[in-house]
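Novice: Below is a structure I'd like to ask you about.
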Amino acid sequence: SQARRMADARMEAATTYDLTRTLTPYLDRHMVLRLVEFLEEHKLYPHEDLLQAKLDVIDKTRMADLKLAQHKMAFELAQKRGDKDAEERYETAKKKCQEEKSTIPSTYKKYAKLATPLVEKFIESGLGQSGVDPDKIDDFKKDHMIDEESLKSLYSFARLAFDIGRYSEALDSLSVYRILSSDEETVFLSMWGKLAAEILLIEDDAEHIAEVIGDINHLRDSIDRRLHIPHLQQLTQRAWLINWSLFPFMASADQSAAFVKFLLQEKVLNAVQIRCPYILRYLVVSLMCSYDQSKIHIKQVMDLLDMERDNYRDPLTEFVRNLMIDYDFEEADIQLVECEKVFDTDFFLNKPSIRQRFFDKSRHLMFEFYCRIHKRIDISILAKRLNLDEKDTDKALVDLLRNAPFEGKINSKTNQLVVSTSYPSVYQKVIDKTKGLAHRTQTIADAINKRMQIKMNQHDS
């Protein structure tokens, strides 16, 4: 049937383009669960395979109820297949889940008894709303008799709350812990925990997303300052951060320009090239979605795609490469069709705002680049190249011409688009060449200031 053929096509596309297995080593298991649920919702793999994958992820958490429900579903499926050992496996798993479930409330109450009042007192004090004043923090700890044991309980409560899926409570506790604690190592770990909780609570709200991105930048700076750890460990931590950053930066197309800047920072880009070149997929999409704001980065991204082609390629990177580097419009057209499949199978790309902006900009750029190298173009060929509806071709071309950086006229008699070639003035060329100069200067200045600050901190210690 047609439905079956469509399902098979989705599964084939997922097998080819899905990055879930590649992303998993760099994500927290609670984040991986979101990706598996996406695959399950869109039926991108056989139901039995996804059920087992979900069970493998949940088994490593302490979400006992969810774990038990998943084991029950696996048991019922195995029973239908006639698996004789299914019941024994289920009873063993059920007993283990019930034992775990019985121990959680007492442990949770024990930590909550100490942690909840501490968090409430801290929120009432208003210390978290202003800049961190060490003297005020010390006074707060003395006034409320907060010692290291209290802070350990707070940290343990946050970890338990996170493990059982109470992300909001974990977030509040870790937000307080990272300000009150003086243990640098656990404060660093609490920053990861806080970011993980924020990601799992993320909403389609610009202010919330901006807060999460702010924490990503703080954690990036903290990783840069950890000069006492091996470079390989630093590189791995950056790779983790890059993969986690997909959640807020790819939440909507509005963050695209910021994501391009984030990924093209020297140390971040180094980690992308060495550890996770597949991130180029999201760099390309973000570049296309913020093309007008990210023009100063286009050449760098094109050079990167050319350099990394043997390490990673997919229809998205190949489309941009064929269009902007090789000017191979036929191949670009083929790859753009394949891009649809990638969007259908990717958790981070399967969002209306990102999809629409990417394909709208792709069509505009196909039109713009094609018209740059042709003076007279047959409209029927152009319509086919841009996948335009024959009935609305003229209207679509008028809209494209309105936003194009050149002039053109439609000749109805010859059914051609006539492109008027115009060259920018010398002054305009100078403006274009120097447009990104201030940004590059600021970037160099920031890098120098950061290095000087690190050296001063080392000297002081």
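The values are calculated or read from the model by the stated rules, or taken from the named source; none is laboratory data. Since we're looking at a predicted model, the values are computed, not measured. Note: ideal-geometry Cβ built from the backbone for every residue, glycine included; neighbour counts use all protein chains shown. Areas reflect the complete protein model, heavy atoms only, side chains present, ligands, DNA and RNA absent. Shrake-Rupley method; radii C 1.70, N 1.55, O 1.52, S 1.80 Å.
Novice: Could you check, for region 148-157, whether at least one of its residues is over 24 Å from ILE104 (Cα atoms), surrounded by fewer than 21 Cβ atoms within 10 Å (Cβ to Cβ) and without any contact (Cβ under 8 Å) to a residue 12 or more places away in the chain? If you could, list the steps in order and put the result at the bottom.
Specialist: Initial filter on region 148-157 (over 24 Å from ILE104 (Cα atoms)): none.
No, region 148-157 contains no residue that is over 24 Å from ILE104 (Cα atoms), surrounded by fewer than 21 Cβ atoms within 10 Å (Cβ to Cβ) and without any contact (Cβ under 8 Å) to a residue 12 or more places away in the chain.
Novice: Right, next: Do we have ILE213 as open to solvent by 10 Å² or more (accessible area, probe 1.4 Å) and outside any helix (DSSP H, G or I) here?
Specialist: Working: open to solvent by 10 Å² or more (accessible area, probe 1.4 Å): yes; outside any helix (DSSP H, G or I): no.
No; evaluated as a whole, the condition is false for this residue.
Novice: Could you tell me whether THR116 is under 28 Å from TYR177 (Cα atoms), exposed (fewer than 14 other Cβ atoms within 10 Å of the Cβ) and of a type in the set (Ser, Thr, Tyr)?
Specialist: Working: under 28 Å from TYR177 (Cα atoms): yes; exposed (fewer than 14 other Cβ atoms within 10 Å of the Cβ): no; of a type in the set (Ser, Thr, Tyr): yes.
It is false that THR116 is under 28 Å from TYR177 (Cα atoms), exposed (fewer than 14 other Cβ atoms within 10 Å of the Cβ) and of a type in the set (Ser, Thr, Tyr).
Novice: Here is a list: ALA74, ALA78, ALA14. Which entry is small (Gly, Ala, Ser), surrounded by 14 or more Cβ atoms within 10 Å (Cβ to Cβ) and touching a residue at least 24 places away in the same chain (Cβ under 8 Å)? Give the derivation first.
Specialist: Numbers: ALA74 fails: touching a residue at least 24 places away in the same chain (Cβ under 8 Å); ALA78 fails: touching a residue at least 24 places away in the same chain (Cβ under 8 Å).
Of ALA74, ALA78, ALA14, the one residue that is small (Gly, Ala, Ser), surrounded by 14 or more Cβ atoms within 10 Å (Cβ to Cβ) and touching a residue at least 24 places away in the same chain (Cβ under 8 Å) is ALA14.
Novice: Considering region 273-287 alone, what residues qualify as being surrounded by 24 or more Cβ atoms within 10 Å (Cβ to Cβ) and touching a residue at least 60 places away in the same chain (Cβ under 8 Å)?
Specialist: Within region 273-287, TYR282, VAL285 meet the criteria.
Novice: Among the candidates SER168, SER175, SER182, which residue alone is open to solvent by less than 60 Å² (accessible area, probe 1.4 Å), on the phi < 0 side of the Ramachandran plot and without any contact (Cβ under 8 Å) to a residue 60 or more places away in the chain?
Specialist: Working: SER168 fails: open to solvent by less than 60 Å² (accessible area, probe 1.4 Å); SER182 fails: open to solvent by less than 60 Å² (accessible area, probe 1.4 Å).
Sole residue among the options that is open to solvent by less than 60 Å² (accessible area, probe 1.4 Å), on the phi < 0 side of the Ramachandran plot and without any contact (Cβ under 8 Å) to a residue 60 or more places away in the chain: SER175.
Novice: Is it the case that some residue within region 86-103 is touching a residue at least 60 places away in the same chain (Cβ under 8 Å), open to solvent by 60 Å² or more (accessible area, probe 1.4 Å) and β-branched (Val, Ile, Thr)?
Specialist: Taking every residue of region 86-103 in turn, none turns out to be touching a residue at least 60 places away in the same chain (Cβ under 8 Å), open to solvent by 60 Å² or more (accessible area, probe 1.4 Å) and β-branched (Val, Ile, Thr).
Novice: So which residues in region 305-320 are over 19 Å from CYS339 (Cβ atoms) and either open to solvent by less than 70 Å² (accessible area, probe 1.4 Å) or assigned to a loop (DSSP other than H, G, I, E, B) (or both), if there are any at all?
Specialist: The answer is ASP310, ASN311.
Novice: Out of the residues in region 356-372 that are over 29 Å from the mean Cα position of the chain (by Cα) and under 17 Å from VAL320 (Cβ atoms), state the one that is most open to solvent (accessible area, probe 1.4 Å).
Specialist: Here is the first cut: in region 356-372, the residues over 29 Å from the mean Cα position of the chain (by Cα) are 367-372.
Still in the running and under 17 Å from VAL320 (Cβ atoms): 367-370, 372.
Working: PHE367: 3, GLU368: 31, PHE369: 11, TYR370: 23, ARG372: 136 Å².
Residue satisfying both the conditions and the ranking: ARG372.
Novice: Kindly establish whether PHE162 is surrounded by fewer than 19 Cβ atoms within 10 Å (Cβ to Cβ), on the phi < 0 side of the Ramachandran plot and of a type in the set (Phe, Trp, Tyr). Steps first, answer last, please.
Specialist: Numbers: surrounded by fewer than 19 Cβ atoms within 10 Å (Cβ to Cβ): no; on the phi < 0 side of the Ramachandran plot: yes; of a type in the set (Phe, Trp, Tyr): yes.
No: the conditions fail for PHE162.
Novice: Still on this structure: In region 151-208, which residues are of a type in the set (Val, Ile, Thr) and over 26 Å from ASP138 (Cβ atoms)? Full working, then the answer.
Specialist: Of the residues in region 151-208, the ones of a type in the set (Val, Ile, Thr) are 164, 176, 179, 186-187, 199, 202.
Within region 151-208, ILE164, ILE199, ILE202 meet the criteria.
Novice: Name the residues in region 321-355 that are aliphatic (A, V, I, L, M) and either open to solvent by 10 Å² or more (accessible area, probe 1.4 Å) or within 25 Å of HIS42 (Cβ to Cβ) (or both), would you? Give the steps one after another, and end with the answer.
Specialist: Pass one, region 321-355, residues aliphatic (A, V, I, L, M): 323-325, 332, 334, 336-337, 342, 349, 354.
Residues satisfying the conditions are MET324, ILE325, ILE334, LEU336, VAL337, VAL342, LEU349, ILE354.
Novice: On to the next question. Determine, yes or no, whether LEU68 is in a helix (DSSP H, G or I), modelled with pLDDT of 90 or more and not small (Gly, Ala, Ser). Spell out the reasoning first.
Specialist: On the way: in a helix (DSSP H, G or I): yes; modelled with pLDDT of 90 or more: yes; not small (Gly, Ala, Ser): yes.
So LEU68 fits the description; yes.
Novice: Taking ASP254 as the residue in question, decide whether it is part of a helix (DSSP H, G or I), in contact (Cβ under 8 Å) with a residue 24 or more places away in the chain, charged (D, E, K, R) and within 30 Å of ILE146 (Cα to Cα). Give the derivation first.
Specialist: Numbers: part of a helix (DSSP H, G or I): yes; in contact (Cβ under 8 Å) with a residue 24 or more places away in the chain: yes; charged (D, E, K, R): yes; within 30 Å of ILE146 (Cα to Cα): no.
Here the answer is no, as ASP254 does not meet what is asked.
Novice: Okay, next question. Among residues belonging to region 24-69 that are under 15 Å from the mean Cα position of the chain (by Cα) and open to solvent by 30 Å² or more (accessible area, probe 1.4 Å), point out the one that is nearest to ARG81 (Cα to Cα).
Specialist: Only one residue tops the list, namely ARG34.
Novice: For region 68-80, indicate whether the set of residues that are touching a helix residue (DSSP H, G or I) at 6+ places or on another chain (Cβ under 8 Å) and closer than 27 Å to ILE242 by Cα is non-empty. Please lay out each step first, then the result.
Specialist: Let us first name the residues in region 68-80 that are touching a helix residue (DSSP H, G or I) at 6+ places or on another chain (Cβ under 8 Å), namely 68, 70-75, 77-79.
Adding the requirement that they be closer than 27 Å to ILE242 by Cα leaves none.
Scanning region 68-80, I find no residue that is touching a helix residue (DSSP H, G or I) at 6+ places or on another chain (Cβ under 8 Å) and closer than 27 Å to ILE242 by Cα, so the answer is no.
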